[in-house]
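The values are calculated or read from the model by the stated rules, or taken from the named source; none is laboratory data. On a predicted model such as this, the values are computed, not experimentally measured, just so you know. No Cβ is skipped: glycine too gets one built from the backbone with ideal geometry, and neighbour counts run over all protein chains shown.
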Amino acid sequence: MRPPAEFRTVVIAGVGLIGGSIALGLRQRFLAERVIGLDPDADALEVARFHGVIDEARLEPGAWLEEADLVILATPSRTLTKLARELIPFLRDDAIVTDVGSVKRPIVEALRDVRFVGGHPMAGSDRAGVANADAALIENAVWVLTPDEETDAEALTRVRRLVEHLGARPIELTPGQHDRLVARVSHLPYLAALALTQVANHDDERDLMMLLAAGGFRDLTRVASGSPVMSRDMVTANAAAVKDAITSFRGSLDALEAVLDDPEALLEAAETAKRARDAIPIVRRSLLPPRPEVVLAVPDTPGQLARITAACGEAGVNVKEIEVLSIREAGGAVRLAFEDQATLETAVEALRAAGYEARPRLV
């Protein structure tokens, strides 16, 4: 009953938080027949295999890459182009390459000789590593694609469709436009968080100040808890746009300093800022408590949900949650959640007996 996958073999080059989350999404939604993790860190690959993030693990590039239909580059921005150059000699001419890097212009310009589609999912966490990977991390997130006049049209269409089926929202920007905007809404806030923590950390009354650092300070500086290496790489790779953003930020701080003795002007600035802040879209993800769950491959034919619930009912299983993850032309995936592990195991057995490919996931 499994519908055709979007890609036969997908390689995740860099099995960390984002790469791992994408891999989980690919496997949970049956978007790839096989997901291979490529990473020089054997421990990360072992964790990925243990958690069902990938089907296979590879420590280094090789002739095996000829099987890849899609390669997703998911290492820090500074290393993306070098990594791509190591993989390209082994890839088929029709293989598609995309990435998740936070700086787009350098890699788009460097990979014009392959079927490359620049990408950047606007998602993340202050917890790093594949052990914290979660397919929900990219659900409903904006995923920027950065085609230019030389981007292969079919490759762009296939990557955009994959992003949609992963539950994200693709938008298209030029590489330069992406880098300028991200410098202001992502890279500059990181540097601002560094500056704020330095102000507190270098104060003579640091320990007392930290006791007073309540929710507001912690929220403003949260991004400083991310990976220092990855954060450094994204900022330095986009240095020109970041410097321009810093200049604008410095000007805003100067303007605010100038109205500290003018309560009405400061209030007007605060009200303008509040309206802008309140207008920022909210990425909504599930707030339900996690439960043991299973994802089923489901063909796009009438009566499938009825067959699924009937199979569970006949086995005496109560379904606590049900969610249609994606419906493609030939089918998609359905997630079911249960009260406990024992109920999950009973449901999986019944659903497999009914002919469904079922992938249980303990949470």
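Things to note:
- Among the candidates Val103, Val130, Val182, residue that is buried (at least 16 other Cβ atoms within 10 Å of the Cβ), touching a strand residue (DSSP E or B) at 6+ places or on another chain (Cβ under 9 Å) and under 20 Å from Ile88 (Cβ atoms): Val103
- Test for Asp134: is it of a type in the set (Asp, Glu), closer than 23 Å to Ala5 by Cα and at pLDDT below 95: yes
- First in region 13-32 and under 15 Å from Val163 (Cα atoms) and free of Cβ contacts under 8 Å to residues at least 60 places away in the same chain, second anywhere and of a type outside the set (Phe, Trp, Tyr) and crowded, with 24+ Cβ neighbours inside 10 Å, Cβ under 6 Å, 6 or more apart: Ala32/Val10; Ala32/Leu26
- Arg158 vs. criteria farther than 30 Å from Glu46 by Cβ and not in a loop (DSSP other than H, G, I, E, B): yes
- Subset tally (residues that are touching a Ser or Thr at 6+ places or on another chain (Cβ under 9 Å), part of a helix (DSSP H, G or I) and surrounded by fewer than 16 Cβ atoms within 10 Å (Cβ to Cβ)) for region 161-175: 1
- When the strands (runs of 3 or more DSSP E) confined to region 5-79 are screened for residues that are buried (at least 21 other Cβ atoms within 10 Å of the Cβ) and assigned by TED's automatic domain parsing to the domain that holds His165, those reaching at least 1 such residues are found at 7-13, 32-38, 70-73.
- Total residues in region 197-217, condition modelled with pLDDT of 85 or more and out of contact with any Asp or Glu (no Cβ under 7 Å at 6 or more places or on another chain): 13
- Qualifying residue in region 42-52 (condition: among the acidic types (Asp, Glu) and within 20 Å of the chain's Cα centre (by Cα)): no
- Test: residue in region 203-218 that is part of a helix (DSSP H, G or I) and under 21 Å from the mean Cα position of the chain (by Cα): no
- The C-beta contact set for region 148-159 (first residue in the same structural domain as Arg105 (by TED's automatic domain parsing), second residue surrounded by 11 or more Cβ atoms within 10 Å (Cβ to Cβ) and in a helix (DSSP H, G or I), distance under 8 angstrom, 6+ apart or interchain) comprises Asp148/Val108; Asp148/Pro175.
- Condition met for Ile96 (crowded, with 22+ Cβ neighbours inside 10 Å, in the same structural domain as Ala133 (by TED's automatic domain parsing) and out of contact with any Phe, Trp or Tyr (no Cβ under 6 Å at 6 or more places or on another chain)): yes
- Residues that are aliphatic (A, V, I, L, M) and not in a helix (DSSP H, G or I) within region 242-268 comprise Val259, Leu260, listed in sequence order.
- Scope region 245-270; condition within 22 Å of Arg180 (Cβ to Cβ) and loosely packed, with under 15 Cβ neighbours inside 10 Å; matching residues: Thr247, Ser248, Arg250, Gly251, Ser252, Leu253, Asp254, Ala255
- Qualifying residue in region 333-354 (condition: surrounded by fewer than 17 Cβ atoms within 10 Å (Cβ to Cβ), in contact with a Lys or Arg (Cβ under 7 Å, 6 or more places away or on another chain), of a type outside the set (Lys, Arg) and more than 27 Å from Arg34 (Cα to Cα)): yes
- Criterion applied to Glu314, Glu323 was being modelled with pLDDT of 90 or more and either in contact with a strand residue (DSSP E or B) (Cβ under 9 Å, 6 or more places away or on another chain) or surrounded by fewer than 16 Cβ atoms within 10 Å (Cβ to Cβ) (or both), and the one residue passing it is Glu314.
- Test for Ala110: is it buried (at least 17 other Cβ atoms within 10 Å of the Cβ) and either of a type in the set (A, V, I, L, M, F, W, C) or assigned by TED's automatic domain parsing to the domain that holds Ala193 (or both): no
- Region 221-275: number of residues that are more than 28 Å from Ser102 (Cβ to Cβ) and either touching a His at 6+ places or on another chain (Cβ under 6 Å) or among the small types (Gly, Ala, Ser) (or both): 5
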